[in-house]
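Novice: First, the structure itself, so that you have it in front of you.
The values are calculated or read from the model by the stated rules, or taken from the named source; none is laboratory data. The shown structure was predicted, so the numbers you read here are calculated from the model rather than taken from an experiment. Positions of Cβ are backbone-derived with ideal geometry, glycine not excepted, and every protein chain shown enters the neighbour counts. Just so you know, the surface numbers come from the protein's heavy atoms only, side chains and all, with ligands and any DNA or RNA stripped out. Shrake-Rupley method; radii C 1.70, N 1.55, O 1.52, S 1.80 Å.
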Amino acid sequence: MKKIKDLAKNNSDSQEQFMETKILFLFLSVVLFYIDTFLIFGIWFRGKRNIYLKIFFAVGLIISMWALFNGISVLLSEEIYKQIYPYYFILGCIISPLFSVYILHFTESKLAHSRIINIVLFVLVTADVLVLITNPWHHEFIAGYDGLLPIGGRWATIHFIIGYVPLFASLIIFFRYVIRNIKTNPMLSVVGMAVLLPVISNILYTFDILNFGLDLTPFSFLIMFIIFSTYSARLKLFDNRSAAFINLFNTFSEAFLIVDTAGNITDANPSFKKAFPDLTLEFDKTVLLDIENYFGSIAIEQNPPDIVKRLNYLTDDIYNAEVTLLLDGKPCYYVLSKTNIYEKSQHVGFIITLIDVSNNQRTRQMIEEIKENNSRLQELKDYAETASKAKSEFLANMSHEIRTPLNAIIGMTSIGMSVTEPERIKYCFTKTADASKHLLGVINDILDVSKIEAGKFEFSLTEFNFESMLRRVVGVINYRIDERKQKFDVHIDKSIPKTLVGDDQRLTQVITNLLSNAVKFTSEYGLINLSTQLIEIENGVCVIQFSVSDNGIGISAEQQARLFQSFHQAESDTTRKFGGTGLGLSISKNIVELMDGKIWVESELGKGSVFSFTVQLRQGENKNQRALVSDINIRNARILVVDDDPSILIYFKEIMQELEIYCDVVDSGEAALDIVERNSPYNIYFVDWKLPGINGVRLTQKLKEKTISPGKAVVIMISAAEWNMVETEAKEAGVDKFISKPLFTSTIANILNECFGTNPQPAENETLHDNTGIFSDRRILLVEDVEINREIVLTLLEPTNLEIDCAVNGAEAVSMFNETPEQYELILMDVQMPEMDGYEATRRIRAFNSANAGTVPIIAMTANVFKEDVEKCLEAGMNDHIGKPVDMDDLFEKLRKYLIHPDL
């Protein structure tokens, strides 16, 4: 871009010849300007307005203007030319960086979309232009070109860097692209030579090699860009398609048709044109309806039947449809697909594909198999995505469920350590215990799911008392019902055998789970009912149905469909609102099915739910144990029941009938006083605490006043509340005894036995022992490596007067036992310990040559609670197993078994 040299010639002939050259130079400038402008505007109005086309348009327009201005400049005087040259030169400054950006887009380089690169180039161009149009700097800039290279002026050096460094960098990228793709696209060789034209002409002019006197660089740029325009238009590079895509599009044997969102045909590959030569395609004129009509006229079979007609629907995707077309009198079988095209999340058109399978029956069979496999894969994909989502939600829920009680434990422990008031300390301990039990329940759920998925979920079959099992469930759930002030009823089918054989712990787990959910999802003062029913009994096998009903929030039909799946709850926000792991119902379902039963739910949103399940249990031995053991003729006793709940009165009637005792029932305090007035006082009164009108406390006072000998009449208060809540007020009124709702036959029988001065019959598995001093003069060995665990056991067993020696690992336990083998009556053995574990320690103790070594009871006390862990303990020579965290009732039961009743 150097100014014209030697404009004035010495002789007239030379001047005349040079003038002719300038006129030709101007003519070529105008012609090339017209051609280039025509091409770039033609491409602009037919191409898609993407960023590549916009840069192409800008570069082409600037080159055209630059070349035209360069041609006109030969007619200007030297003085005028010098004045306007800096402004003309602006075009040359802009071309180099802008052409560099164009090359980056042409070669699909990642740098084309680099914001930093674009900003740097923009800043450089702006700086270069400002140098040119700012006086007097542009004069120094021009002066820099008076020499052979831009050395004479500092602004010329800046221009050289701005103009040529980005250009040469982009040319390196361009020629690398040409070398990689020239085999698949030979036309790139022509484009590559065209790119060299401006570089070569500028070098020739700058170094004055041809001594031509005129700058042909703008012409070279025009010629180069005309070649670029022709190449881009032929390969449709402005349709957002890469050269690689175009090459594939043209070489695929399958027939492709491109359709825009308006239904216009925009392109078809050679295979499509070859397959359907009778179909005339005029791009941007032929529409999708024409294709539908053509295929409809030659289609002899369609699967689905309306597939050709559906081609014209601009909203439908079509996959692997089958069409038989009659071409040249022969049926040709095609697999037809129509797929959406998206660009930056916007729907921009369709690709219609036809695959000819006429001569390949195996291909058609494979297509059928592929379609079937795709369907299966889609189902598996949907299942996997659903399972993955469910497990992700489960992990989030589990994190919340574990962290919540941990936070309570840590927080309440910190508070308990900082306060001194006994009531505050007791409160902190209570909350810590509650949170610990909740955390243990979460961990047990996780362990149960792990065992179920591993196929290691086992049952322990024992004979148990059915009513006692239900009493344990009620004892566990009652405090939560009291907290929410809910009403809880239990109905036991009297035809169910008293003793059954099965895993009562797992059965308890299912019932407790359903009751816990009922309590959780039922509002305060809501109603909850547990009922049992004997469905059938055959060959000693009983089918028993349990139902837990509530009037809580209810469950929709959609939610019910996934309710018993692992890692699912009714809704994802259920956990956030009500808590829970979402595992309980899944575990319950597995337990029920392993007991040869089934579980289901009947529910409606806002109207509560009824969860029911059946199990098969074998009938136990018929132990005809009398509920009443008094020698006194209790049938002569007069009993009155006062309760405003009709179901309680009916239940009392049934129980008394079963116990062969007659009683009267009334539903209010006023009615009770009236019947006592008419029939004289009764021996025993069962009085509800909360009665309308005259409440239970006031009624007790009046009944005691009406009794001639107050000590002879016994008032038993019935309440859903805990005794400690009403004890003071009740005792002041004269209440003698207390029983809690819901009521059980054994509870009523026991309290009647107490009233008549006999020992009550303990319910199965009830702990009625006083542990104070029960193990005096007994010595055991506790083997535990964790100090706090030793401290807990020592503290809890301290009231029993049990003498306990401690060992911190298996090796120390072996040594201590070997020194005095006869003094230890039992060993509590941890399993996982340093130096020597519990298994090895047990084997070594059993191998000692002493009488006690082979008989001393060794009880494993470990967190390993799976069945295989218990079996491993027994194989090592241990007698029993206690899981951690230690259940003190379980520990006392095992100690009594081996220290007090070793023969049982």
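Novice: As a test question: what accessible area, to the nearest 10 Å², does LEU515 have when a 1.4 Å probe is rolled over all protein chains in place?
Specialist: For LEU515, the solvent-accessible surface is approximately 0 Å².
Novice: Under the rule a/c < 1.5 gives rounded, and otherwise a/b versus b/c splits prolate from oblate, where does segment 505-563 land using the Cα gyration tensor?
Specialist: Here segment 505-563 falls in the prolate category.
Novice: Counting only protein heavy atoms, what percent of the accessible surface of segment 764-862 is carbon or sulfur at a 1.4 Å probe?
Specialist: 45
Novice: Which pairs break 32 Å Cα to Cα here: LYS487/LYS702; LYS110/LYS274; LYS426/LYS884; LYS607/LYS702; LYS426/LYS741; LYS598/LYS894?
Specialist: LYS110/LYS274; LYS607/LYS702; LYS598/LYS894
Novice: Right, here's the next one. Where does each of LEU288, LEU204 land when they are ordered by accessible area, with a 1.4 Å probe and the largest first?
Specialist: My answer, sorted largest first, is LEU204, LEU288.
Novice: Whose amide H sits under 5 Å from the amide H of VAL714, counting only residues 5 or more places off or on another chain, with H placed in the peptide plane?
Specialist: The list, which skips near neighbours in sequence, is ILE684, TYR685.
Novice: Still on this model: Rounded if a/c is under 1.5, else prolate if a/b beats b/c, else oblate: with a ≥ b ≥ c from the C-alpha gyration tensor eigenvalues square-rooted, which is segment 264-337?
Specialist: Here segment 264-337 falls in the oblate category.
Novice: For ILE694, enumerate residues with amide H under 5 Å from its amide H, sequence gap 5+ or separate chain, H modeled in the peptide plane.
Specialist: HN-HN under 5 Å from ILE694: GLY669, GLU670.
Novice: Let me ask something else. Ignoring everything but the protein chains, give the 1.4 Å probe accessible area of ASP328 in square angstrom, nearest 10.
Specialist: 150
Novice: Rounded, prolate or oblate: pick one for segment 472-513, where a ≥ b ≥ c are the square roots of the eigenvalues of its C-alpha gyration tensor, a/c under 1.5 means rounded, and failing that, prolate if a/b is larger than b/c, else oblate.
Specialist: Note, shape of segment 472-513 comes out oblate.
Novice: Now a separate question. Order 420-429, 667-676, 547-556 from most to least packed using the mean count of other Cβ atoms within 10 Å.
Specialist: In descending order of packing, they fall as 547-556, 667-676, 420-429.
Novice: Quick check: net charge around THR795, other residues with Cβ under 14 Å of its Cβ, Lys/Arg +1 and Asp/Glu -1?
Specialist: -3
Novice: For GLU819, what is the net charge nearby, where nearby means another residue's Cβ is under 15 Å from its Cβ and Lys, Arg count +1, Asp, Glu -1?
Specialist: -1
Novice: So, by mean Cβ neighbours within 10 angstrom, what's the order for 307-313, 610-616 with the highest one leading?
Specialist: Highest mean packing first, the order is 610-616, 307-313.
Novice: A further question on this structure: What does the accessible area of TYR319 come to, in Å² to the nearest 10, when a probe of 1.4 Å is used?
Specialist: 150
Novice: Arrange the residues ILE182, ILE780 by how much accessible surface each exposes, largest first, with a 1.4 angstrom probe.
Specialist: Largest accessible area first, the list is ILE182, ILE780.
Novice: Highest mean first, what order results for 372-384, 732-744 on Cβ atoms within 10 Å?
Specialist: 732-744, 372-384
Novice: Further, regarding this structure: Sequence-distant or interchain residues sharing an amide H contact under 5 Å with ALA860, placed H: which?
Specialist: Answer set, sorted by chain and number: MET829, ASN879, ASP880, HIS881, ILE882.
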